[in-house]
Amino acid sequence: MSSRAPAILDHLSALADTTRSRILLLLDRHELTVGELCAVLQLPQSTVSRHLKALSDSGWITARAEGTSHLYAMTRDQLDGAARRLWLLVREQVGPTSTAANDQRRLQSALAERRTKSQEFFSSSAGQWDRLRDELFGDRFHLAALAALAEPDWVLGDLGCGTGRVSEVFARFVARVVAVDGSAQMLQAAKKRLQPYENVELRRGDLEALPIDDGRLDAATMMLVLHHVPEPDKALAEAARVLRPGGRLIVVDMLPHDRESYGQQMGHVWLGFSEPQLHGMLTDSGFAGVHVVALPPDARAKGPGLFVCSAKRGKS
């Protein structure tokens, strides 16, 4: 017969001290630092730290680093059944006491102070926040993250994919990407970029005659490509053909401009598109719900203004 004491006795020993029970009441629903616990319990740091160590050694709490501090929390989900039942009993007895009620009031003050510090940071940094965020995370993280709005079972067409930047963003979030471009050199660059993604298929073809079956796509993008197409109305009609009923098309391109040199320098066929032009071409191609929005200009950009246009393929 084993002489080892039942585990429940170890748990009883850990909870026998009133201060440790008070700490667990606080950490049952919140992560708190040592400083916050000291303020709530009105005890010196040495005392609080000693009790935290005892609770940690017996498996009641855990800690994680947060900057230069540590946040403590109760490990209720990781406790054995006996410990969980014991804690429910202790909480039922200790929770209604006046001491616990005062602790909860001071806890709310501590949490309010934490929120105030966060608000003070944003108040003092509001004018510099964009710069700080760009320095920390870059200036395009939000664009890549927005691709998560796509459904995971979608087949997406990157029409006029160029070097594959759009395909790379969406490949992480959709079932399949069909990337089409008429330039062998562009497709070679895209192949190199998209090598890690097995769910991207590169196809060479013209936008006016897409190498995609009818109704194959759930969504499609045309990013700064329509102005290169001699017959944009045919390209949009082709997009409608390869989209399923209700499928969505996103077009980003240039607003009307007078930079005729772009035709010689970069092969532009069209000097941008107006909203009435887009409405007319998309409606004639079988799209509905056409919505055109001018994009805010980037101070660093030297090109013409851009728009984004969204439309949904009609049901028929």
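The values are calculated or read from the model by the stated rules, or taken from the named source; none is laboratory data. These numbers were taken from a predicted model, which means no experiment stands behind them. All Cβ positions, glycine included, derive from the backbone under ideal geometry; neighbour counts span all protein chains shown. Each accessible area value is taken on the protein alone, full model and side chains, heavy atoms only, with ligands, DNA and RNA left out. Shrake-Rupley method; radii C 1.70, N 1.55, O 1.52, S 1.80 Å.
Tabulated data
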read-out	value
Fluctuation leader among Ala145, Ala175, Ala65 - the chain, Gaussian network, Cα springs under 10 angstrom	Ala65
Average accessible area per residue (Å²) across region 207-308 - probe 1.4 Å, nucleic acids and ligands excluded	51
With all protein chains modelled, accessible area of Lys191 [1.4 Å, Å²]	120
DSSP H segments from the chain that extend 24 Å or more along their own axis, Cα-based, with Kyte-Doolittle mean of 1.6 or above	none
Sites Arg172 and Glu31, calculated FRET efficiency, Cβ-Cβ separation with R0 25 Å, nearest 0.05	0.25
Residues of type aspartates and glutamates that Lys191 reaches as a straight line, Cα spacing below 16 Å, ignoring anything fewer than 8 places off in the same chain	Asp158, Glu168, Asp181, Glu201
Cα centre as origin, Lys/Arg/Asp/Glu Cβ charges: region 151-259 dipole, Debye	360
Distance between region 195-234 and region 43-81 - C-alpha centres, whole angstrom	56
Residue (of Leu25, His11, His70) at the positive-pole extreme of region 2-113, dipole from beta-carbon charges	His11
Under-5 Å amide H pairs with Val177, H placed in peptide plane, nonlocal only	Leu156, Val200, Glu201
Counting DSSP beta bridges with both ends in the chain, the antiparallel % (nearest 5)	50
Lysines whose Cα lies under 24 Å from that of Lys315, excluding same-chain neighbours fewer than 8 positions away	Lys234
Dipole moment magnitude, nearest 20 debye, the chain about Cα centre, only Lys, Arg, Asp, Glu C-beta charged	1120
In Å, descending, principal axis extents of the Cα set of region 230-306	38, 26, 19
Arg259/Arg76 FRET efficiency (R0 51 Å; Cβ-Cβ; nearest 0.05)	0.20
Size of electric dipole in region 203-316: Cβ of Lys, Arg +1 and of Asp, Glu -1, about Cα centre, debye, nearest 20	420
Entry for semi-axes √(5λ) of the Cα gyration tensor in Å (calculated from the structure that is shown) out of (1) 61, 24, 18; (2) 24, 23, 20; (3) 46, 21, 17	(1)
Among His142, His70, His279, residue whose mean-square fluctuation peaks in a GNM of the chain (springs only between Cα atoms under 10 Å)	His70
